[in-house]
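Here the structure comes first, spelled out in structure tokens, and everything after it is commentary.
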Amino acid sequence: LGLTEAGKPRPRSQVAISLQRYLIVAILSVVPDRQRTLRELEVGRTLLQQADGSWVIKHAAADYKTGKQYGDRPPLLIAPFIYPELEAFIGTWRQELAPKTSMLFCKPRTGQPLDESAVYLLFKSAALRLTGKATHPHLVRDMIVTHLR
């Protein structure tokens, strides 16, 4: 769970916040999609565990920006290295954030769904702390799509 700077165990809510931040950055790094995808993830509806244990994001047309144009889209596979933390967050840590929403991720202090600015700031601050570069979610999406092309 980690320790504070004073060597004491971190509060469970702080561990949950860190795990949520990790999952947002990790999922965006392997699933080149808009941040709306993450904000609107719901276990059992748009975030599904397959019979083989894999996790996918499945969108109906109404679940993504260009859905009216393209209709339902094939499932987006989440990388297996993320599964242990995702399952721990769903099963244990999410409740520490006192969610008031069915969305997977929520604002730590209010339990309300994440909005666009919350994801932007979360991602930007994590990227700045880790890399020294102020990077935002859509830029990462653009980089991954460019790399895949």
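The lone criterion from (1) closer than 30 Å to Pro11 by Cβ; (2) out of contact with any Cys (no Cβ under 6 Å at 6 or more places or on another chain); (3) open to solvent by less than 60 Å² (accessible area, probe 1.4 Å) left unmet by Lys100 is number (3). Any residue at all in the range 71-92 that is aromatic (Phe, Trp, Tyr), under 23 Å from Lys124 (Cβ atoms), touching an Asp or Glu at 6+ places or on another chain (Cβ under 7 Å) and in contact (Cβ under 8 Å) with a residue 40 or more places away in the chain? Within the range 71-92 (the criterion being aromatic (Phe, Trp, Tyr), under 23 Å from Lys124 (Cβ atoms), touching an Asp or Glu at 6+ places or on another chain (Cβ under 7 Å) and in contact (Cβ under 8 Å) with a residue 40 or more places away in the chain), the answer is no, since none of the residues qualifies. Every test in (1) open to solvent by 40 Å² or more (accessible area, probe 1.4 Å); (2) touching a Ser or Thr at 6+ places or on another chain (Cβ under 8 Å); (3) farther than 17 Å from Ser117 by Cα; (4) not hydrophobic (A, V, I, L, M, F, W, C) is passed by Gln69 save one, and that test is (2). Scanning the range 89-106 for residues that are in a loop (DSSP other than H, G, I, E, B), in contact with a helix residue (DSSP H, G or I) (Cβ under 7 Å, 6 or more places away or on another chain) and at positive phi turns up nothing.
Please determine, by comparing only the residues of the range 1-26 that are over 13 Å from Trp93 (Cβ atoms) and open to solvent by 40 Å² or more (accessible area, probe 1.4 Å), which one is nearest to the chain's Cα centre (by Cα). Reasoning before the result, please.
Of all residues in the range 1-26, those over 13 Å from Trp93 (Cβ atoms) come to 3-9, 24-26.
Now drop any that are not open to solvent by 40 Å² or more (accessible area, probe 1.4 Å), which leaves 3-9, 25.
Values: Leu3: 24, Thr4: 24, Glu5: 27, Ala6: 30, Gly7: 29, Lys8: 28, Pro9: 25, Val25: 6 Å.
Taking the candidates together, the pick is Val25.
Could you pull out the residue among Phe105, Phe81 that is touching a Pro at 6+ places or on another chain (Cβ under 8 Å), under 29 Å from Leu130 (Cα atoms) and aromatic (Phe, Trp, Tyr)? Give the derivation first.
Working: Phe81 fails: touching a Pro at 6+ places or on another chain (Cβ under 8 Å).
Going through Phe105, Phe81 in turn, just one is touching a Pro at 6+ places or on another chain (Cβ under 8 Å), under 29 Å from Leu130 (Cα atoms) and aromatic (Phe, Trp, Tyr): Phe105.
In the set (1) open to solvent by less than 30 Å² (accessible area, probe 1.4 Å); (2) assigned to a helix (DSSP H, G or I), Thr135 fails one condition alone, (2). Within the range 27-66, restricting attention to residues that are loosely packed, with under 13 Cβ neighbours inside 10 Å and more than 25 Å from Pro108 (Cβ to Cβ), the residue that is modelled with the lowest pLDDT is Thr66.
The values are calculated or read from the model by the stated rules, or taken from the named source; none is laboratory data. Values in this document were obtained by computation on a predicted structure and should not be read as measured data. Please note: Cβ atoms are built from the backbone with ideal geometry, for glycine as well, and neighbour counts cover all protein chains shown. Ligands, DNA and RNA are stripped out before the accessible areas are found, and what is left, the full protein with its side chains, is counted by its heavy atoms. Shrake-Rupley method; radii C 1.70, N 1.55, O 1.52, S 1.80 Å.
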